[in-house]
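Undergrad: There's a structure below that I have some questions on.
The values are calculated or read from the model by the stated rules, or taken from the named source; none is laboratory data. Model, not experiment: these values are computed from the prediction. Quick reminder, even Gly has a Cβ in these numbers, built from the backbone with ideal geometry, and neighbours come from all protein chains shown. Just so you know, the surface numbers come from the protein's heavy atoms only, side chains and all, with ligands and any DNA or RNA stripped out. Shrake-Rupley method; radii C 1.70, N 1.55, O 1.52, S 1.80 Å.
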Amino acid sequence: MEQIQHEIEKTCLTLALETSCDETSASVVADGRIILSNVISSQVPVHQKYGGVVPEIASRKHIENVLPVVDQALREAGVTLADISAIGVTYGPGLVGALLVGVSVAKALSFATDIPLVGVNHLEGHIFANFLAHRDLEPPFMALVVSGGHTSLVHVKGYNEFELLGQTRDDAAGEAFDKVARVMKLPYPGGPYIDSLAAKGNPEAIAFPRALPGKNSFEFSFSGLKSAVLNYLNSAAQKQEEINTADVAASFQAAVVDVLVSKSLQAAATCGVKQIVVAGGVAANSGLKAKMAYECKKAGFSLHYPDPILCTDNAAMIACRAYYQHLIGDYADLHLNAKPSLKLGHG
Ligand code: KG4
Ligand code: ZN
């Protein structure tokens, strides 16, 4: 016991909270890289019957879950608040009511204990999940962030230096997966269902469009592709033609993946970096992983992505990001507020 206590005193522990969307999560991370606990209470079953996240319900569920989740994270890590060096919390981007729950609890804990408070950007958290999954990974690298709300290419120049090269003009990649899945009557969130259906289909069966293919444009657009898939399904239904859903899923996924992979490689080459990391819920997509691995190997880039549990929303990635902000004294005060449209950095 004394030995464990001694080890804890030597290490720097960050506690973090994540409540930006539909997962209530709390985590304790040691020295920014070692996960001691990562408790995730998912609301997916609650929202599934509505076909998407209902913001008001999400906020209420966060309120119910947040304190038990924090307690469990501390207990599983075998620590108390007295052992914590910094409290991190996601303050944006995300659903305002959902964010406010985490922000309020983190501020209250910080006020009551005098432990410094760190406001964390959710997108930066997704990128930092890679530092947890790959302990030797260091910047600089090119990060492709692909989630339900975002599709961005970020040049990570250092632990606290990011340049946004481009993002989606309309739908995020995960949003396109979810919308197409919905029309195909697959459960919410649809990404994983399209992924497994696609594995049984022919990706070349239907020529869906690849948007904004222009070299050196790092912007994305998925709404045209989504409409093309919906038109294909509607017109087949009108003509009472039989649809091969596996082929539709595979061809749609290939159109998304082609663009994500080619732009990531172009961006890495333009910025002169040798490493590419993928982050966010869509990073779990098997088609994306396979194509990215193949193209990176061919072009001589090293590739990293987190384990599936660290791809989707979780507080460990927030605790990791908070650690690196703590090292440079990047603290928030009790005026910290939820910022639903927060940009990279504190923008
Ligand atoms: O990062 P995340 O958990 O939440 C946001 O911050 O948005 O990402 C959730 C998104 C959903 O759109 C979900 O359908 C998608 O990630 N997703 C996938 C896969 N697993 C999750 N999309 C495609 N293939 C997957 N295997
Ligand atoms: Zn996310």
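Undergrad: Average the reciprocal distances over every distinct pair of alpha-carbons in segment 138-306, invert the result, and give the Kirkwood radius in Å.
TA: For segment 138-306, the Kirkwood estimate is 16.1 Å.
Undergrad: What is the angle, in °, between the Cα long axis of helix 245-271 and the longest principal axis of the Cα atoms in the chain? Nearest 10 is fine, range 0 to 90.
TA: Here the helix axis deviates by roughly 60 degrees.
Undergrad: Are there trypsin sites (Lys or Arg not before Pro) in segment 46-117 that DSSP puts in a loop and that have at most 10 other Cβ atoms within 10 Å, and which ones?
TA: Answer by residue number: K49.
Undergrad: 5 Å is the cut-off here: which amide hydrogens, built 1.01 Å from N in the peptide plane, fall below it relative to F220, excluding neighbours closer than 5 in sequence?
TA: So F220 has HN proximity to Q167, T168, R169.
Undergrad: Then there is this: Ignoring ligands, DNA and RNA, please state the percent of accessible area on segment 153-200 from carbon and sulfur, probe 1.4 Å.
TA: 50
Undergrad: Taking just the alpha carbons, could you work out the radius of gyration and Dmax for the chain, both in angstroms?
TA: 20.5, 74
Undergrad: Would you tally the net charge around Q43, using a Cβ to Cβ cut-off of less than 14 Å, leaving Q43 out, and scoring K and R as +1, D and E as -1?
TA: -3
Undergrad: Can you show me the helix-derived [θ] at 222 nm for the chain, built from DSSP H runs with n ≥ 4 at -39,500 (n - 2.57) apiece and divided by the number of residues, rounded to the nearest 500.
TA: When only DSSP H runs of four or more count, the value is -14500 deg cm²/dmol.
Undergrad: Over the chain, what is the percentage of antiparallel beta bridges among all DSSP beta bridges, to the nearest 5?
TA: Restricted to the chain, the bridges split so that about 60 percent are antiparallel.
Undergrad: With an 8 Å cut-off on Cα pairs and a minimum separation of 6 or more residues, tell me the relative contact order of segment 138-306 in percent.
TA: Normalised by residue count, the contact order of segment 138-306 is 28 percent.
Undergrad: Of K61/K185; K49/K185; K226/K291; K200/K298; K179/K226, which ones are farther than 18 Å apart at the Cα?
TA: K61/K185; K226/K291; K200/K298
Undergrad: Another question, then. Can you pull the accessible area of D330 for me, 1.4 Å probe, Å² to the nearest 10?
TA: Roll a 1.4 Å probe over it and D330 shows about 40 Å².
Undergrad: Sticking with this structure for a sec: Summing +1 for each Lys or Arg and -1 for each Asp or Glu, what net charge is found among the other residues whose Cβ lies under 15 Å from the Cβ of G94?
TA: Counting the neighbours of G94, the net charge comes to -3.
Undergrad: Determine the order of T312, T168, T14 by accessible area, beginning with the largest, at a probe radius of 1.4 Å.
TA: Heavy-atom accessible area, descending, gives T312, T168, T14.
Undergrad: Next up: With a ≥ b ≥ c the root eigenvalues of the C-alpha gyration tensor of segment 1-146, is it rounded (a/c under 1.5), prolate (a/b larger than b/c) or oblate?
TA: Oblate is the answer for segment 1-146, as a/c is 1.5 or above yet b/c matches or exceeds a/b.
Undergrad: Could you work out the relative contact order of the chain? I mean the mean sequence separation of Cα pairs under 8 Å and 6+ apart, divided by the number of residues, in percent.
TA: Rounded, it is 25 percent for the chain.
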